[in-house]
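> Input: one structure, supplied below.
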Amino acid sequence: MARYCLNQNQQHNGDYEVHNLDTCWTPPAIQNQIPLGDHYGCASAVSAARAQYPNTRINGCLHCSPSCHTS
């Protein structure tokens, strides 16, 4: 399992990105991390973030969660 967080800063395209804190080389600063807990993969971490923030555009980080990066 890996630790995931949601970046509270919006990307230029309007998305908020989920990061794998165990492998990401571009994680958000600690003060900008919203903890999502431990997950076996980015899909469940993204689902958890979307459940917490249903009206927000959320996807995975291109670098650490490429299979969940949609835009």
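Values in this text are rule-based calculations from the coordinates and carry no lab data. This one's a predicted model, so the numbers in the text were calculated from it and none came from an experiment.
> Between (1) 12.8; (2) 11.5; (3) 15.0, which entry matches Kirkwood radius over Cα pairs in Å as derived from the coordinates of this structure?
Answer label, from the structure shown: (2).
> Now a separate question. Sequence-distant or interchain residues sharing an amide H contact under 5 Å with residue 69, placed H: which?
60
> Let me ask something else about it. If I stretch the segment between residue 62 and residue 40 completely, what's the gain in nm (0.36 nm per residue apart, minus their alpha carbon distance), one decimal?
Numbers: separation 22, 0.36 × 22 = 7.92 nm, distance 1.75 nm.
Extending this stretch completely gives an extra 6.2 nm.
> Now a separate question. Amide H neighbours of residue 36 under 5 Å, at least 5 residues apart or on other chains, H built in the peptide plane: list them.
Result for residue 36 returns 4, 5, 6.
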